C-alpha cells in the first residue's frame, strides 16, 4: 500500500497495516491510569519505528485509540476518583515528541 498524507500538517492516513501495528503496540502499552499519556507516546514511537515513511502525531494516535476504546471509561475502572488528579501533557512536550519522531 502507498503512504497517503492527511490534510493537516502532513499527517499520515490510517490504513490496515498502521492500525495493526497500533493494536500490537496497545498490547504492550495499554493506555490506562496515570501512565496513559506515556503509553500513547510509546505507541506513537513504535509506529514511527515500524513505519518510518508515515508521520503520526500524538494527537492523531490518541484519536485513533479513542476509536477502539473509551479511554475515560476505562480510567474510571482503574483509578480511584478520590485519588485522581488531572494530568495533561503540556503542548510543548507533545511538540517535542512529534519533532523527535519526525527526525527518526
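When a/c is below 1.5 the answer is rounded, else prolate if a/b is larger than b/c, else oblate, so apply that to region 16-103 with a ≥ b ≥ c taken from the square roots of the Cα gyration tensor eigenvalues. Judged from the Cα gyration tensor, region 16-103 comes out oblate (a/c at least 1.5, b/c at or above a/b). Put a dot 7 Å past the Cα of residue 103, heading toward its Cβ, do the same for residue 49, and the two dots end up 1.7 nm apart. Footprinting exposure proxy ranking of 40, 21, fewest other C-beta atoms within 10 angstrom first, gives 21, 40.
All of the numbers you see were taken from the coordinates with simple rules; none came from a lab. This one's a predicted model, so the numbers in the text were calculated from it and none came from an experiment. Neighbour counts run over all protein chains shown; Cβ positions are idealised from the backbone, glycine included.
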